[in-house]
Amino acid sequence: MSQDPFSPIFCIDVSADPSSQSNNIKVGAGELVIGLLQKMVASQERQEKLLSEIVHHVSHSQKQRQVELQQWKDANPGLAKNCRVAAEVLAKVQTQFLQNITEEVYHNEESLGESDYMLSDFCDRFGPRMAHLNGVLQVLSQLSANNAAPAQTQE
């Protein structure tokens, strides 16, 4: 049993017409690409529909919230103006508070980085106050009148 040293690793059929074979391959690949593109377009259309529904839902909720806020402001014009004044005052307080925090960090840079106790103490001292102050400012800002000028507080 002798083996041919030039035995092919794969076999090529040369008996068929080469032009018809390549056309079949091209048509099959073209149909595959077209099918995939159609699936992609259908998927994108579904995504677009879902996104438009989400936008509609979110915008409807936002518009409803704006209407409710405006109704509250119209029903309580004095309180809305007072909310604006309070928000402006607390914004100044917040700025000073942030200044104090940054000075504390600057003066204790090494100990904050090296000591878990110092970092924990820093967060305990400043974190809750900052979170509560931000929450109060957000509520006051939303409830405040649209007037940019500060109003006189009512007593």
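What follows draws every value from the coordinates through simple rules; no lab data is involved. From a predicted model like this one, the values you see are computed outputs, not experimental measurements. We place every Cβ from the backbone using ideal geometry, glycine too, and count neighbours over all the protein chains shown.
Applying 0.36 nm per residue to the separation of TYR106 and GLN71 and subtracting their alpha-carbon distance, the gain on full extension is 8.0 nm. Put simply, the Cα atoms of the range 20-75 extend 82, 8, 5 Å along their principal axes, the longest span coming first. Relative to its residue count, the range 77-155 spans a Cα convex hull of 93 Å³ per residue.
Distances between every pair of Cα atoms in the range 17-145, grouped in 10 Å steps from 0 to the bin holding the largest one, split as 10, 18, 15, 14, 15, 10, 8, 7, 2, 0 percent.
The modelled label-to-label distance for the pair GLN64/VAL139, using points 7 Å beyond Cα in the direction of Cβ, is 2.2 nm.
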